[in-house]
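Written below as structure tokens is the structure these notes are about.
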Amino acid sequence: MNGGNKKQNGSAVYRDIEEQKVEELQESVQSLKFLAQDISNHLDSEKKDLLNKMSSNYENGTQSLKNVLSKIDDVLKHGGASRTTCYLIGIIVIFFFLMYIIK
């Protein structure tokens with residue numbers, strides 16, 4: 001009977017150790033879950049900031065292009081309509097547009 005008692009005590013000890021390890025594992029999983037949520041929240045805010053900056057840059061570029069085209073229109077209306085001037089302005093506009101796209 002004494003040997004059976006030792007087996008039961010040994011099993012109880014192993015069960016206690018197993019339960020302790022399961023609890024530690026649950027705590028680790030919980031910590032990883034919170035860490036993943038924090039990373040996700042941080043990435044969401046970074047993504048929003050980046051999109052806002054990109055939108056702002058796009059709006060600035062669009063406004064600059066409108067200003068250039070407006071000035072070209074003014075030049076053409078006020079007697080600068082020679083063929084060479086038109087070609088030069090066209091090349092400059094295309095150059096700036098390509099630089100805008102590449103940026």
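Every read-out reported here was derived from the displayed coordinates using simple, explicitly stated rules and does not represent laboratory data. Since we're looking at a predicted model, the values are computed, not measured. Every residue, glycine as well, gets a Cβ built from its backbone with ideal geometry; the counts of neighbours run over all protein chains shown.
What to note about this one:
- Protection proxy ranking of 68-78, 22-32 - average other beta-carbon atoms within 10 Å, highest first: 68-78, 22-32
- Modelled this way, with points 7 Å down the Cα-to-C-beta line, the labels at residue 69 and residue 96 are 1.2 nm from one another.
- Taking the chain as the region of interest, the number of lysine pairs whose Cα atoms are within less than 30 Å, with members eight or more places apart or on different chains, is 15.
- When only alpha carbons are used to place a centre, the stretch 66-103 and the stretch 11-65 end up 48 Å from one another.
- Each principal axis of the chain carries a Cα extent, and these read 116, 18, 8 Å when sorted largest first.
- In order through the stretch 84-94: 3J(HN,Hα) via Karplus (6.51 cos²θ - 1.76 cosθ + 1.60), integer Hz, x for Gly, Pro: 4, 5, 4, 4, 4, 5, x, 5, 5, 4, 4
- Rounded tilt (10° steps) of 2-77 against the dominant C-alpha axis of the chain: 0 degrees
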